[in-house]
Structure formats: structure tokens, C-alpha cells
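Before any comments, here is the structure.
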Amino acid sequence: MRISVVFAASGLIATPAMANDMVVNLEIPRQNVAEYHKPYVAMWIEDSSGKTVANLDVWYDGDMRKDEGKKWLPDLRTWWRRSGRSLKMPVSGVTGPTQGPGKYDLKFAEGSRPLGKLPTGSYKLQVEAAREVGGRELVSVPFQWPPKGTKVASASGSKELGTVRLTTKP
Amino acid sequence: MFAKPKLLAIGAVLGLAGLMPSQAQAHRAWMLPSMTVLAGDSETVSVDAAISNELFVFEHHAMGLDHLAITGPDGEPVAPSIIGTGKYRSVFDVPLTKQGTYRIASANSGMMGFYELNGERKRWRGSADQVSQIPKGAQNLKLTRSNSRTETFVTLGAPNDTALAPTGEGLEMVPVTHPNDLVATEPAQMRFMLNGKPAADLKIEFVEGGTRYRNEAGVQNLTTDKDGLVTLEAPEAGMYFLEASARGEGAGASEPGWRASYSAVLEFLPL
């Protein structure tokens, strides 16, 4: 996994405390396989002790008959262990349908669900993907909160996830 | 290895089985669940039960299902759906309708004994209440109390501990690390109890499945500490088998000897 941190224009002007937000650019790669299923994806934030402080997004098949799509949620192994198994699915404002190959831009604002308020500290954005009859991968992007100026950090998966880029800005 | 069942059979005929209980451990009794970590409002786990040498290959005997005891997340018994018993394995389904951890156990206890009657050596088997069935004129009576337990664990949703409470009888494993929260390379701690008390200096064999596809037996020989605690470390993800046994000598008819055995199948998931 490759991690790079880019320091972009530092905030020179004092900004209101509630204006911090984050943008996640996520790539679901195209797979050259005979049987393709869109991956389940979980995106969450862990604090420095590894505790989940916010579940940002969970893509799973919520439309299946008798809710059978829930059956495969434990394939998102790390997410399931850290918080998924204790959640009642679906979670309003967090869960959504699976997505096919492509690039996705997700924006989260401080103080609003699902990000909420984060105390000052070191965090990790965790993105995990698991594909039926496919593989599973976890990509981590460390960051500091609140951001002092606009910061961009990214990490790449090798198979199930492309580049995950996190932009935090005041 | 293949001669052992035969040796055991001869041992039993000669009345030696009571003297060589370790031979009875030569085969591994196990119950292998289809999955251990499950999600949804309800689910079903299918379990293979067998007694074998290879892990987890059914190649010796099916396990009897007469002593199944399944405990649900609320501590209440759960009725399995028995599919059947073939030559090499038994199969049953466990319906999971409540969120939490299920203990799937096969636990058996009984008495066995040897005695002489009119110069003939006799073998006897029964429950502790049936000892009075042994004829009055029996001489050189030697009794052994036996207790065996085979387990595995599955969890629907978030794990809980209710079903993990020990019964206080025989050899038992009381998980310190939850048995459905096991991850390869992360140490997991288990406590062993004998009749409800910590089983110190107990020898534990811990071995990964897939024995057929490697040359090494791959058995980790572990020993519990003074508090009955042992740390399991799975080098790689997979289904693991664990077993232990303990025994004590008796003193004549008034004080039976005893032996207790425990085995479990535990799944370690990849980090």
C-alpha cells in the first residue's frame, strides 16, 4: 500500500470551527472475471486506539429477498469485527446500495451525520471492500483532525480498491 | 497409525483399555461448522461431526449425535435439525434465530469398570447410578468415571458470553478471548477448568486443519499455567483443532478412577 501526504495551501485565514469537512475520492476498479458482483464497501474512521468513531458509508445489497444481502456483511471482516456486527442494518444516512466500477466522490461535513464531531487527534480513514466470488481488501489513510489547512493524503489498494484519496480542509 | 483402532479393540477385549486411556485420544473427535461468524435476522449453520485422524477429513467414524447439547445466546437449549449419520460423518443443522453466541457441544459422561466373577474377567459400562447393577460377587472391581466434551462455537451478529458459562463438570474450556473473535497472529487466551476449578499444567494440543496437505503434523504442544490459562496463536487463518485430556487413578471399588477429555474446533480469520 502506497501512502502519500501532500500539503496544499495552508489556511491563512481563521475559519469558523464548524466548517471542517472531508472529501473521499474512491475508485472501484474494473475486474476481468467471468462472474462479477459489485463489491460490498465499508468506510469508517478509527481513532488512535483503533476504536470506530464514525461509520461513513456502507454499500451492500439491501434489496434482496428476505434481506439475504445482509448475509455477506461479515465478509467485510475488519469492519464487521470493529463495529458492523453491533449495528442494526440498514443504518439511515450510512448504508446504501452497491456500486459498480468507477470513481466516487463522497463529501462529509463536520457536525452533520454521519461524520459528526471528532475530538482533536490522529485518525485513520478505513476503506474495506469485499466482492462475492472475489477478494477482500482494506486500505487505510491516516489523517489529523481538525485539519490545519487543506491536506490531501492517499493510499491505493492492489485489486479490490483503486486509489483512496482523502482531502481534509477547514 | 492405521493399526491403532485394532490395538484398541484388542486392548478392550483383554481388559486393558482402562489402563491406556491415552490411546483413546489417538483419534480426534470434532464438529466442524459451515461458518462461525454470521449476519442477518436468522441463519442456519450446518455441522459435520466425525472422529478421524486427518483434520478435517471424515475418514474413520461418524460421531454419534446422542449427546448433542446446543446452548443459545440466552442460555436456553437449541434443538438441532438432525440430517443423519453416514459411515464417516454425521450432519446436523443448527437454526440461529437469536443474535449472539451459540455453543454447540457433545458432552457425555459415564462409568466403566472391570471385575472378576467366578474367575472370569468382565467389562461393564453404564452411568454412575447404575453401578449397583454390577453383581454382588464381583471381585477386584476397578471403576473409572469418564467425561468427554467436544465443542464448537458460532455467532449471529455481535458475540455474547452467556452460552460460554462452564457447567462445572469434567474438562472444559472457558474462553477469555471470545471464540468467535479469533484472528490469525493475534494471541487468544483460554482458561481450562476441571470440575469447575482451574486446570493447571494441563497439556493442550493445538493443530491447524489441512493435515492431509502437509508433511508435518503441525501440532503445537501447549501447557496451561497455574490458573489454567493458555495462549493460542494461529500462525495463519483457518479452522483449528484443540484437545486435552486428564486422568486420575482410583483406589478400589470405593474410589473410582476418572478421565476427562475436551476437544474443540476454533476458526481463526485472516487479519
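The values are calculated or read from the model by the stated rules, or taken from the named source; none is laboratory data. Worth saying up front: this structure is predicted, and the values here are computed from it rather than measured. Methodologically, a virtual Cβ is constructed for each residue, glycine included, from the backbone with ideal geometry; neighbour enumeration extends over all protein chains shown. Protein only, heavy atoms only, side chains kept; ligands, DNA and RNA dropped before computing areas. Shrake-Rupley method; radii C 1.70, N 1.55, O 1.52, S 1.80 Å.
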Those residues of the range B:32-60 that are within 14 Å of chain A (Cβ to nearest Cβ), part of a loop (DSSP other than H, G, I, E, B) and in contact (Cβ under 8 Å) with a residue 60 or more places away in the chain come to a total of 5
Note on the range A:91-104: residues loosely packed, with under 13 Cβ neighbours inside 10 Å and within 17 Å of A:Leu125 (Cβ to Cβ) are A:Lys103
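List the strands (runs of 3 or more DSSP E) that sit entirely inside the range B:63-129 and contain at least 1 residues that are modelled with pLDDT under 95 and buried (at least 16 other Cβ atoms within 10 Å of the Cβ). If you could, list the steps in order and put the result at the bottom.
Numbers: elements: B:68-71, B:81-85, B:90-96, B:100-117, B:120-126.
Passing ranges, in order: B:100-117, B:120-126.
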**Prompt:** Within the range B:188-208, is there a residue that is within 26 Å of B:Gly75 (Cβ to Cβ), part of a strand (DSSP E or B) and within 14 Å of chain A (Cβ to nearest Cβ)?
**Reply:** yes
With criteria (1) open to solvent by less than 20 Å² (accessible area, probe 1.4 Å); (2) within 14 Å of another protein chain (Cβ to nearest Cβ); (3) aliphatic (A, V, I, L, M); (4) not in a strand (DSSP E or B), B:Val154 comes up short on (4)
When A:Lys66 is run through (1) open to solvent by 40 Å² or more (accessible area, probe 1.4 Å); (2) in contact (Cβ under 8 Å) with a residue 12 or more places away in the chain; (3) within 12 Å of chain B (Cβ to nearest Cβ), the failure sits at (2)
Original post:
Would the range B:25-42 turn up any residue that is among the polar types (S, T, N, Q), at pLDDT below 50 and more than 26 Å from B:Gly238 (Cα to Cα)?
Top reply: no
Over the range B:178-207, the set of residues touching a residue at least 40 places away in the same chain (Cβ under 8 Å) and either of a type in the set (Val, Ile, Thr) or within 18 Å of B:Val45 (Cα to Cα) (or both) is B:Pro179, B:Asn180, B:Val183, B:Thr185, B:Ile204, B:Val207
Of A:Lys107, A:Lys124, A:Lys88, A:Lys148, the only residue that is assigned to a loop (DSSP other than H, G, I, E, B) and either in contact (Cβ under 8 Å) with a residue 40 or more places away in the chain or crowded, with 18+ Cβ neighbours inside 10 Å (or both) is A:Lys148
Among (1) open to solvent by 70 Å² or more (accessible area, probe 1.4 Å); (2) of a type in the set (A, V, I, L, M, F, W, C); (3) under 16 Å from the mean Cα position of the chain (by Cα), A:Trp72 falls short only on (3)
Confirm whether B:Val230 is of a type in the set (Val, Ile, Thr) and either open to solvent by less than 60 Å² (accessible area, probe 1.4 Å) or modelled with pLDDT under 95 (or both). yes
Take B:Pro159 and tell me if it is within 14 Å of chain A (Cβ to nearest Cβ) and free of Cβ contacts under 8 Å to residues at least 60 places away in the same chain. yes
Practice task
Return a yes/no flag: does the range B:241-264 have any residue that is within 14 Å of another protein chain (Cβ to nearest Cβ), open to solvent by 10 Å² or more (accessible area, probe 1.4 Å) and assigned to a strand (DSSP E or B).
Solution key: no
